[in-house]
Amino acid sequence: MENRRTFIRNSVVAGMALSLGGWPLDAFAKKEVAKITILHTNDVHSQIDPFPANHPKFPNMGGANRRMIMINHIRATEKNVLLLDAGDMFQGTPYYNKYKGELELKLMSQMKYDAGCIGNHDFDNGVDALSKILFNANFPLIVSNYNFDNTPMKGKTLPYKIFIKDDIKIGVFGLGIELRGLVDKNLSGDTQYHDPVVAAAQQSLYLKEEEKCDLIICLSHLGFKYKDEKISDIALAKQSKNIDLIIGAHTHTFLDEPINIINRDGKKVLVAQAGWAGLRLGRIDFYFEKNTKKKMHEASTLKIFNYASAI
């Protein structure tokens, strides 16, 4: 993958038309290039309202309605959009105390999320209660390293999901953090945690080799990075093969744009995270040459403010 802005900056050739990654600009007009827009959030933590105007760090920032306006505006201008969340939808404001996650799922459904992952705080009312409110979600929860067979969540999550946009096949799988030490056993019940590195290798290999996916995305609630040996998005990316993008969560890390990590095959993996509390919306635009499936990208995280007044 090549950063589109870097490529454009270095690709002006005397006497020739500007090209993107070796693709003539008329390829876009001829629809030989597919553009896929990935939008992502994480750790929204039931932050429905904007922060107050007198907040010391985030005055008048965020808010579910503003996020919806921003998402709808992007969908109105882009043809192929996927909206994903990397977990911890719940816990943090009185809205969760009162509605126990029902409101959050209904709002995400109104925003037309395509998929989400499960974070540790999504167990805060217990695995049984979580299973009972999932009917409010018009999108799947994807996690491949939790086994829910002995819990009420059995059959209510997916290990992966495949999306097809403009003939581009996109495989999405999810990874949850180890619950021991984070979630009381009375809340997680008999949920079994499996090694996320092994699960990621299995899922990404299957999506690449069997399903022939052109883009493989991991929704991760592992955390961006740690000082110790605890598995993180950075560590996972270095050990991985076949993953193109890791959308992270848990550590509330604000990245202005994804970072590049080199994997076991010497290829680049993008690692992204959009902070917390719905303050930002991550955006990554992938460009695919349809014949070769060669791809490049441009990306940023968008601050959520009173967006309605700016469009």
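The values are calculated or read from the model by the stated rules, or taken from the named source; none is laboratory data. Here the structure is a predicted model, which is why all the values come from computation and not from measurement. Ideal geometry is used to build each Cβ from the backbone, glycine not excepted, and the neighbour counts take in all protein chains shown. Calculation scope for accessible area: heavy atoms of the full protein, side chains included, ligands and nucleic acids excluded. Shrake-Rupley method; radii C 1.70, N 1.55, O 1.52, S 1.80 Å.
How would you order 198-206, 86-94 from highest to lowest mean count of nearby Cβ atoms within 10 Å?
86-94, 198-206
Where both partners of a DSSP beta bridge lie in the stretch 77-214, what percent of those bridges are antiparallel, to the nearest 5? Could the numbers behind the result be given before it?
Working: 8 of 12 bridges.
That works out to approximately 65 percent antiparallel.
Scaled to the compact-protein estimate 2.2 N^0.38 Å, what is the alpha-carbon radius of gyration of the stretch 191-232, rounded to two decimal places?
Output field value: 1.37.
Could you report the chain's accessible area per residue, 1.4 Å probe, as an integer in Å²?
Per-residue accessible area for the chain comes out at 45 Å².
Please pull out the direction-averaged projected area of the chain, using the convex hull of its alpha-carbon atoms, in nm² to one decimal place.
17.3 nm²
Which whole-number value in Å³ per residue fits the convex hull of the alpha carbons of the stretch 135-280?
Value for the stretch 135-280: 141 Å³ per residue.
Once phi is turned into ³J(HN,Hα) by the Karplus curve 6.51 cos²θ - 1.76 cosθ + 1.60 with θ = phi - 60°, what whole-Hz value does each residue of the stretch 235-242 show in order, with x for glycine and proline?
Going residue by residue, I get 5, 4, 4, 5, 8, 8, 9, 6 Hz, with x marking Gly and Pro.
Once you've got the GNM for the chain with C-alpha springs shorter than 10 Å, pick whichever of Pro196, Pro56, Pro258 has the biggest mean-square fluctuation.
Pro56
Could you work out the relative contact order of the chain, using alpha carbon pairs under 8 angstrom and six or more residues apart, expressed as a whole percent? Each step should come with its number before you reach the end.
On the way: 714 pairs, mean separation 67.6, N = 311.
It comes to 22 percent, rounded to a whole number.
Between Asn186 and Asn147, what is the label-to-label distance in nm when each label sits 7 Å out along the Cα-to-Cβ direction?
Spacing of the two 7 Å Cα→Cβ label points: 2.6 nm.
If you restrict to DSSP beta bridges whose two residues both lie in the chain, what percentage is antiparallel, to the nearest 5?
60 percent
Within 10 Å of each candidate Cβ there may be at most 15 other Cβ atoms; applying that plus a DSSP loop requirement, which trypsin sites (Lys or Arg not before Pro) in the stretch 228-285 survive? Walk me through the numbers before you get to the answer.
Numbers: sites: Lys230, Lys238, Lys241, Arg264, Lys267, Lys268, Arg280, Arg283; in loops: Lys230, Lys241, Arg264, Lys267.
In loop regions of the stretch 228-285 (DSSP not H, G, I, E or B), the sparsely surrounded trypsin sites (Lys or Arg not before Pro) are Lys230, Lys241, Arg264, Lys267.
Loop only per DSSP, at most 15 neighbouring Cβ atoms within 10 Å: give me the trypsin sites (Lys or Arg not before Pro) in the stretch 177-220, ordered by residue number.
Working: sites: Arg180, Lys185, Lys208, Lys212; in loops: Arg180, Lys212.
Passing sites in the stretch 177-220 are Arg180, Lys212.
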